[in-house]
Structures are given as C-alpha cells and as structure tokens.
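Below is one structure, written out as structure tokens; the observations come after it.
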Amino acid sequence: MVLESEDTEEDCRLLIDCPVLVTERLVLRPPHVDDKSDLIELAGNRRVAEMLARMPHPYGEAEADAFISGKVAQNGECQYAVTLADNGAFVGAAGLMPSRAGAGTLEVGYWIGEPHWGNGYATEAAHALVDLAFRATEIDVLHAGCRPINAASRRVIQKCGFQHSGQGLLDTLIAGRVAVERYTLDRRTWVSLKSWARSA
C-alpha cells in the first residue's frame, strides 16, 4: 500500500498485510467469487443487517461484488471471509478497521450468518483478529462496539477481554442512528490474557 504524503507516522502504525488466519475450526481469508451466493443469502438477513453499521439491506449482487472486490474496505482495513476449516463453507465476515474512536486506533468487527449462530465462530474469529491487531501493529488500545440489544455480540466482546468504556450513538445504513455500547482492550491486558492462557 502506498501512503499519501499527508498520512502521519501514527497512521503507518496501523497498516497490516492482512495475512490468512487459521484457527482451530476456521480460516479467515480474503473473500472471493465462490463466496458470492452464500454471502448474499447470509448477509441478506435483516436480523444480521440491523446489528451492523455498514451492512446495507437488501443485500444483493452489487453489494456482494463490492465486498468481494474490496471496494467497501476503508483505507487500512483488513476484510475477511470467515470460512469453516473442514469444508471451506462461508459462514460470515470479520475485519479490522480504523476506529471511529480516534486516529491511531483500530476496531474489530464481525458477523456470522444466522444458520451458524451459537457455534462460537464469532468468538473464535474475534480472538484471531485481536491477536493480529496487537501482534502486527503498535497500537496500545483496540476498540469494539455493539448495539445494546445484541447480547450475543456483547458476550463475544467480553470473552475477548474487552472492558466497557461507555455508550454513544452510531449512524447505521439500515436502522439510522442507534445506541451503541463501546468497549476497549489495551495491550497490557491482552498480554496478560495471553500469558494466562499459556499457563492454564
């Protein structure tokens, strides 16, 4: 990626090569055309779209093509298709993006299609993204957020070690301006959590 001259040194700290991530049950990889039909079906669910800021509804071929081609990615964003390691099935999407909370920070985001809810895939994907954010950049704080009505997403965020940092409002494509709960995870806490996991 080529940085424009006005980009700051702090912005450079956020650049990630976006490697393929492999977890126990998942592969997070760039989206490709073979994902298109599953992407349209799963992302076209209004229950999924209502929980996300940037998910349009209805979600059709044009939206899927834009996601697959990377046209919806923001500068410095890693976008992943979340797929099952055993059969390659597309189950959702996840990514790291520049945070709305301020310059020099990242935010983790994810969604899993409704037929795959309750399997722990969002938590597994989020853990992989948290590790990538802290290992591949120099950020001190990682952000996450969810709507107050999204208890499942809140559980994912908390399982990753994030702490509640406040509330606010967020403009979404489908639901307009909505309440959002904000969470942060600092590098020191992440290091502690990683060392606890190794000693267990």
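The values are calculated or read from the model by the stated rules, or taken from the named source; none is laboratory data. Quantities reported herein were computed from a predicted structural model and do not represent experimental measurements. Virtual Cβ from ideal backbone geometry, glycine too; neighbours counted across all protein chains shown.
Do we find a residue being within 28 Å of SER37 (Cβ to Cβ), within 10 Å of the chain's Cα centre (by Cα), surrounded by 22 or more Cβ atoms within 10 Å (Cβ to Cβ) and modelled with pLDDT of 95 or more anywhere in segment 116-125? If you could, list the steps in order and put the result at the bottom.
Going through segment 116-125, the residues within 28 Å of SER37 (Cβ to Cβ) turn out to be 116-125.
Those left that are additionally within 10 Å of the chain's Cα centre (by Cα): 122, 125.
With the extra rule that they be surrounded by 22 or more Cβ atoms within 10 Å (Cβ to Cβ), the set shrinks to 122, 125.
Checking which are modelled with pLDDT of 95 or more leaves us with 122, 125.
Yes: segment 116-125 contains one or more residues that are within 28 Å of SER37 (Cβ to Cβ), within 10 Å of the chain's Cα centre (by Cα), surrounded by 22 or more Cβ atoms within 10 Å (Cβ to Cβ) and modelled with pLDDT of 95 or more.
Applying the selection to segment 96-113, what residues are surrounded by fewer than 13 Cβ atoms within 10 Å (Cβ to Cβ), at negative phi and either free of Cβ contacts under 8 Å to residues at least 60 places away in the same chain or not small (Gly, Ala, Ser) (or both)?
Start the filter on segment 96-113 by keeping residues that are surrounded by fewer than 13 Cβ atoms within 10 Å (Cβ to Cβ), which leaves 102-103.
If we keep only those that are at negative phi as well, we get 103.
Matches in segment 96-113: none.
Restricting attention to segment 17-34, does a residue exist that is over 18 Å from GLY109 (Cα atoms), part of a helix (DSSP H, G or I) and modelled with pLDDT of 95 or more? Step through it out loud before you land on a result.
Restricting attention to segment 17-34, the residues satisfying the condition of being over 18 Å from GLY109 (Cα atoms) are 24-25, 32-34.
With the extra rule that they be part of a helix (DSSP H, G or I), the set shrinks to 33-34.
Now drop any that are not modelled with pLDDT of 95 or more, which leaves 33-34.
The answer is yes, given that some residue of segment 17-34 is over 18 Å from GLY109 (Cα atoms), part of a helix (DSSP H, G or I) and modelled with pLDDT of 95 or more.
Just for segment 173-183: of the residues that are in contact (Cβ under 8 Å) with a residue 24 or more places away in the chain and touching a Leu at 6+ places or on another chain (Cβ under 7 Å), which one is surrounded by the most Cβ atoms within 10 Å (Cβ to Cβ)? Walk me through it before giving the result.
As a first pass, look at segment 173-183 and keep what is in contact (Cβ under 8 Å) with a residue 24 or more places away in the chain: 173-175, 178-183.
Those still in the list that are touching a Leu at 6+ places or on another chain (Cβ under 7 Å) too: 178-180.
Values: VAL178: 17, ALA179: 11, VAL180: 20.
Residue satisfying both the conditions and the ranking: VAL180.
Residue-by-condition table, conditions (1) closer than 15 Å to LEU129 by Cβ; (2) modelled with pLDDT under 95:
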residue	(1), (2)
ASP7	no, yes
LEU42	no, no
ALA62	no, no
ALA81	yes, no
GLY88	no, no
ALA93	yes, no
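Which condition number does ALA122 fail, the rest of (1) out of contact with any Phe, Trp or Tyr (no Cβ under 6 Å at 6 or more places or on another chain); (2) free of Cβ contacts under 8 Å to residues at least 40 places away in the same chain being met?
Single failed check for ALA122: (1).
Of the residues in segment 157-176, how many are outside any loop (DSSP other than H, G, I, E, B) and over 20 Å from PRO98 (Cα atoms)?
Taking segment 157-176 as the starting set, the residues that turn out to be outside any loop (DSSP other than H, G, I, E, B) are 157-159, 163-172, 176.
Now narrow it down to the ones that are over 20 Å from PRO98 (Cα atoms): 158-159, 176.
Of the residues in that region, 3 qualify.
Of everything in segment 134-156, what is part of a helix (DSSP H, G or I), under 17 Å from PRO98 (Cα atoms) and out of contact with any helix residue (DSSP H, G or I) (no Cβ under 9 Å at 6 or more places or on another chain)? Give them in sequence order.
Of the residues in segment 134-156, the ones part of a helix (DSSP H, G or I) are 134-136, 151-156.
Retained after the next criterion (residues that are under 17 Å from PRO98 (Cα atoms)): 134-136.
Residues satisfying the conditions are ARG135, ALA136.
If a residue has to be buried (at least 20 other Cβ atoms within 10 Å of the Cβ), free of Cβ contacts under 8 Å to residues at least 24 places away in the same chain and either in contact with a Pro (Cβ under 7 Å, 6 or more places away or on another chain) or β-branched (Val, Ile, Thr) (or both) to count, how many in segment 27-74 make the cut?
Selection size over segment 27-74: 0.
Residues that are free of Cβ contacts under 8 Å to residues at least 40 places away in the same chain, part of a strand (DSSP E or B) and buried (at least 20 other Cβ atoms within 10 Å of the Cβ): does segment 75-95 have at least one?
yes
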